[in-house]
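Participant: So that we are looking at the same thing, I have put the structure below in structure tokens.
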Amino acid sequence: MANVKTPPPIKRYDISDRVALQASVRPFERDPHAPLVRPLRIYTLDPSVSDRLGGVATVFVPYEKLAPGPVGSLFKVSWEGAPAPLKAEPLNLDDPDLLLSSGLAPTPANGRFHLQMVYAVCSLTYAAFKRALGRDIAWATAPPAGEPLRLVVRPFGFPGPNAGYSREAGDLSFGYFKARREPAGFVVPEGLICTALSHDVVAHETTHALLDGLRTSFMDPTNVDVPAFHEGFSDIVALFLHFTYADVVEKAIREAGGSLTRASLLSDLAREFGYARSKSARAAALRSGVDLDGVAGFDSDALPSKDNRPKCYDPDLEPHALGSVLVSAVFEAFTTIVRRKTERFFRIAGLDPQAPGRVPLNDALVKAIAQEAGDVAGQFLNICIRAIDYCPPADMELGEYLRALITADGDLEKSDKWGFREALMRSFRRRHIFPDHVKFMTEDAVRWQSPDSTLRVQGLAFRKLRFDGEPGRPADATELRRQARALGNFVTDPKHARVFQLVAPGAPLPKGVTQASPPLVQSVRVTRRAAPDGRILFDLVGEVTQSCTIQREGELFDMNGGCTVVIDPQGQVRYGIYKRFTSESRRARQHAAMRGPLKAFWKRSGRRFLLQPEMLRRLHALE
Ligand SMILES: [Zn+2]
């Protein structure tokens, strides 16, 4: 009798190496006698901003023991490559003299201070994400053998007016360059400008790295919104971090007579960088959070009119410009809430609430407005970061970010007394950023819908999860792989195909799809968020991606899809946020973008489009 071989079982899904990375980030374990924070002096904006305006502050970085570099548990700062006349050598921030003096005094002339600046700002940006999500955030790069997972930071990265994060190199690299012969502002003609000394540039690049750790497929530019989102989101984080510096906020608010939209010190991004490249008569920061000249119209509640027309969503815009539309939408909602919350202060002071910008304010009023602006900025920063857990895993659209923001905030804060969500929806609407398939700009229509039926993932209820001491930290890589298998088995079960919209291996392919790779479980992570009323909410967020080859008009390309699954502590699926392969409009959009605005990111090999590596380097080169 002939030997009949049974075919190998079809693989239902794969597990990405990224799943286990979550266990390889191990922030410093504090012993009970160690201090909580390390005070360090830094530039709050950049060296061009006078100390009188709060240009220097002492910040409190979460304490960790540091080796010379500084090298900590998350970042490894490299001293190499300092351009003349700067000199640098490894900086030992644990030196008792430096511990007593809150680090080195800020000066662009001391190369070692550059190391302190990047270490502090990278650490503070990381801390903002950790605070919002209640867990450690893993970098997207694999650690070198036998070493912990750390991001390398190069303040003297390369000559040139730019900076960049590279997943391939596992680093943040900051450029330096000579200012113009007649630059704007107080920038020294032909002086040395180091992007590592710009708070905004460092926070922006660190955010790129954190976002890549959270959503790795956001580095695949499958539609114009994807690179625009990476840019816009990184600017949003940098902008809201301005408001953590009380001195800067107070002084800017005093100068602007209480109007946040006039406080360009707060709404400008990378001012020195922009001034160094501007002609003296045309001083402009690199970017700004305010997109209207008539600042009175920069308000979520303003009706768009002939004289009040913010820059609108347009898929033909260059990615940074398109990202700025998103930044302005979020920043406008923020300034609207601050206005709503501070109107009562003006009334108490006997001033017209419409007065901002027109009358000088007394100190107590400035302090009260600044305090409120700082608190609201902190809340916005949390909402913006938390929304990432509610984004689809790939092919992100700006309208979907609005849905993620509204759902993330609505899950935590039911009442919305001050209208945070209404302001966000209005400001997105004012800029024509609409989510697909949403017929009304109302909260119930915009938020993601829960599945119709009750779905429970037995293996992912919190009582089944193993942690390392606290729920923000998984036990180990083995436990993470077990969770990934539980998720993979559940989402690829043919019974749930409609909920998660994955193409099951072995199943007939949808029309126009020539090949489907097995679904890939990218991550399973706990999220722990503190609501404004003090409640702590836990969820588990899983990310599954899939790639399909599409044939369209005789050409071939890969399309990304998949689903984000949000699961409650009982194991019940709260949301399945998916990207379908059957959507003809999605196919057409990607096909058009690869031939048009995203041409720089794709190359052709015969009839096939192939993705080029290093999206961010290409993206920053467009600037
Ligand atoms: Zn960028």
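Participant: Leaving out same-chain residues fewer than 8 places away, which aspartates and glutamates sit with a Cα under 12 Å from that of LYS341?
Facilitator: Hits, sequence-local ones excluded: GLU372, ASP375.
Participant: Still on this structure, I have one more. At 0.36 nm per residue, minus the direct Cα-Cα distance, what do THR478 and LEU509 gain on full extension? Give it in nm, one decimal, please.
Facilitator: Taking THR478 through LEU509 to full extension adds about 7.8 nm, to one decimal.
Participant: Continuing with this model, one more query. So which lysines can LYS65 reach, going by Cα to Cα under 21 Å and dropping same-chain residues fewer than 8 places off?
Facilitator: LYS76, LYS130
Participant: Under the Karplus relation 6.51 cos²θ - 1.76 cosθ + 1.60, θ = phi - 60°, what is the ordered set of whole-Hz ³J(HN,Hα) values for the range 88-94, x standing for Gly and Pro?
Facilitator: Ordered by residue, 3J(HN,Hα) equals 9, 9, x, 9, 9, 6, 8 Hz.
Participant: May I pose another question? Which entries of LYS251/LYS417; LYS414/LYS599; LYS306/LYS439; LYS367/LYS417; LYS311/LYS599 show an alpha-carbon separation above 32 angstrom in the structure shown?
Facilitator: LYS414/LYS599
Participant: Amide H neighbours of ARG574 under 5 Å, counting only residues 5+ apart in sequence or on other chains, H built in-plane at 1.01 Å?
Facilitator: It is VAL566, ILE567, ASP568, by chain and number.
Participant: Pop out the ³J(HN,Hα) list for the range 493-501 in order, Karplus 6.51 cos²θ - 1.76 cosθ + 1.60 with θ = phi - 60°, rounded to Hz; leave Gly and Pro as x.
Facilitator: Calculated HN-Hα couplings, in order: 4, x, 4, 9, 4, 5, 6, 9, 6 Hz.
Participant: What full-extension length gain, to one decimal in nm, is calculated for ARG528 and ALA284 as 0.36 nm per residue of separation minus the Cα-Cα distance?
Facilitator: 83.8 nm
Participant: What list of ³J(HN,Hα) couplings, whole Hz, do you get for the range 138-145 from phi and the Karplus terms 6.51, -1.76, 1.60, once you set θ to phi - 60° and write x for glycine and proline?
Facilitator: For the range 138-145, the Karplus-derived couplings read 8, 6, 7, 9, 6, x, x, 3 Hz, x marking Gly and Pro.
Participant: Local charge sum around VAL249 (other residues, Cβ-Cβ under 13 Å, Lys/Arg +1, Asp/Glu -1)?
Facilitator: With Lys, Arg at +1 and Asp, Glu at -1, the neighbours total -2.
Participant: LYS76's amide H: which non-local residues (gap 5+, or another chain) put their own amide H closer than 5 Å, with H modeled 1.01 Å from N in plane and none for Pro or chain starts?
Facilitator: Correct list: LEU151, VAL152, VAL153.
Participant: For VAL56, which sequence-distant residues (separation of 5 or more, or a different chain) have an amide H within less than 5 Å of its own amide H, given hydrogens modelled in the peptide plane?
Facilitator: Here THR44 satisfy the definition.
Participant: Hey, what did the range 242-372 get for relative contact order, percent, Cα under 8 Å, at least 6 apart?
Facilitator: That works out to 29 percent.
Participant: How do the peptides 156-168, 605-617, 203-215 rank, highest first, by the average count of neighbouring beta carbon atoms within 10 Å per residue?
Facilitator: 203-215, 156-168, 605-617
Any read-out appearing in this document is the output of simple, stated calculations on the displayed coordinates, not a laboratory observation. Nothing here was measured: the structure is a model prediction, and the numbers come from that model. Cβ atoms come from the backbone with ideal geometry, glycine included; neighbour counts cover every protein chain shown.
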